[in-house]
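Take a look at the structure below.
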Amino acid sequence: MAASLVRFVRSGFGRSLNVARQSAAIVQTRTTTTETRPTVRPKDPVTHTQLSEFGEYIAEILPKYVQQVQVTCFNELEVMIHPEGIIPVLTFLKDHTNSQFNNMIDLTAVDVPTRQYRFEIVYNLLSLRYNSRIRVKTYTDELTPLDSSVPVHQAADWYERESNCSFVFYFIFFIKCETLLGVLILLRQVRYDDEVKRVVAEPVELAQEFRKFDLNSPWEAFPAYREPKDAPKLESGDKPAK
Amino acid sequence: MAGVIKKTTGLVGLAVSHNPHERLRILYTKILGSLQIMPQDAAYRKYTEQLITERFNHVKSEQDVEKLEKKINCGQIEEVISQAEAELALSRKMTEWKPWEPLVEEAPANQWKWPI
């Protein structure tokens, strides 16, 4: 099974659609033989084309905000937008008759510290009328605030507060600012204390000393996406040292 | 059975509409009017005009509510009315946002690259 991402890159210049297949990365392809491993997820090209056409439709209507559209190998449509377009895109997806994504399922963030805009905010939406899902992604760094999507979807309220606490970025709240941590202060934390040899209940402290995590694993995570190591480059005119 | 108004929509909070044709006629006319303000080549205008005129023609041609629901094929007529209301609100907001303009800002080079 070739795990291929078909990307439809929406460039800002010109209206032509670039259908760029993932040829840059090294993809392990297997020759098509009769299926001998039926537990592998079967490919569904019909759904794939339907989703990619719908993605093109969205990108054509909203070229001001949509930077990229892709359909993953699991047949999930993802729309990458500029952070200015959060409210327009979410309102469009909710109100337009052809989309009607009026259910917000999730609002989370992904932290990729190496990027310039390290946080990637992910909105998952569901359309009950058409029984389909879509993912909208934006980006921000620690300091730039984002528009709150609460005027569009009420469900975003809790998720925004939660992602505000888990990560460092923040939303501009339309309603009064109350974070999850403010709620926690009122509660008690329970821990086993070795000195008195019993369970103790104290006001919440959230000790931060043990929060340093080492996320490196000894196994290679994505063997199919290995980048070729850069060979040492020579200036033109130099001869390689013997 | 034509002319019998259904007792309930079956959906909480959605009342049966007594004159759906009139309501839809008003809403669709307003939507088409609001779309006229946008530039001719805007994709949103093109596709929405297509969709709305198609539904409008169904509304004009079919008098029976049940057959109209089947023709439009998007749920009950009350749901179609709420979709039209949403589309009207959206078209008014779209004239402010102007999403047909070219891209505001390109993402930085490796922003959407996965795996890193």
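We did not get these values from a lab; they are worked out from the coordinates using the rules stated. If you're wondering where the values come from, they're calculated on a predicted model, not measured in any experiment. Glycine gets a Cβ as well: all are built from the backbone with ideal geometry, and neighbour counts include every protein chain shown.
Would you mind calculating the relative contact order of the stretch A:45-177 from Cα pairs under 8 angstrom and at least 6 residues apart, reporting the percent as a whole number? Don't skip to the end; give the middle numbers.
Values: 243 pairs, mean separation 26.4, N = 133.
The value is 20 percent.
Less than 5 angstrom separates the built amide H of B:L103 from none of the residues sequence-distant by 5 or more or on a different chain. Label zone (A:Q116, point 7 Å along Cα-to-C-beta; backbone nitrogen cut-off 13 Å) within the stretch B:94-116: B:105-112. What is the calculated FRET efficiency for A:T36 to A:N102, with r their C-beta to C-beta distance and R₀ = 35 Å, to the nearest 0.05? Result of the calculation: an efficiency of 0.20. Remark: relative contact order (chain B) = 31 percent; criterion is Cα-Cα distance under 8 angstrom and separation of 6 or more residues. Rounded to the nearest whole Hz, the Karplus-based 3J(HN,Hα) values (6.51 cos²θ - 1.76 cosθ + 1.60, θ = phi - 60°) of the stretch A:212-223 follow the sequence 7, 10, 10, 9, 6, 10, x, 9, 6, 7, 10, x, with x at glycine and proline.
Put in order of Cβ neighbour count within 10 Å, fewest first, the listed residues B:R23, A:R37 become A:R37, B:R23. Pairs exceeding a 27 Å alpha-carbon distance, out of A:K94/B:K7; B:K6/B:K46; B:K6/B:K70; B:K30/B:K60; A:K94/B:K30: A:K94/B:K7; B:K6/B:K46.
Modelled this way, with points 7 Å down the Cα-to-C-beta line, the labels at A:F74 and A:E162 are 1.7 nm from one another.
Placing a label point 7 Å from the Cα of B:N110 along the Cα-to-Cβ line, the residues of the stretch A:97-112 whose backbone N sits under 20 Å from it are A:110-112.
Treating r as the C-beta distance of B:R92 and A:R226 and R0 as 56 Å, the FRET efficiency rounds to 0.65.
Once both labels are positioned 7 Å from their Cα atoms along Cα-to-Cβ, the gap between B:E49 and B:R25 label points is 2.3 nm.
For the peptide B:82-95, the mean number of other protein chain Cβ atoms found within 10 angstrom of a residue's Cβ is 3.
Rounded to the nearest 0.05, what FRET efficiency do A:T49 and B:K7 have when you use their Cβ-Cβ distance and R0 = 51 Å? Can you show the working numbers first?
Values: r = 42 Å, r/R0 = 0.83.
The calculated FRET efficiency here is 0.75.
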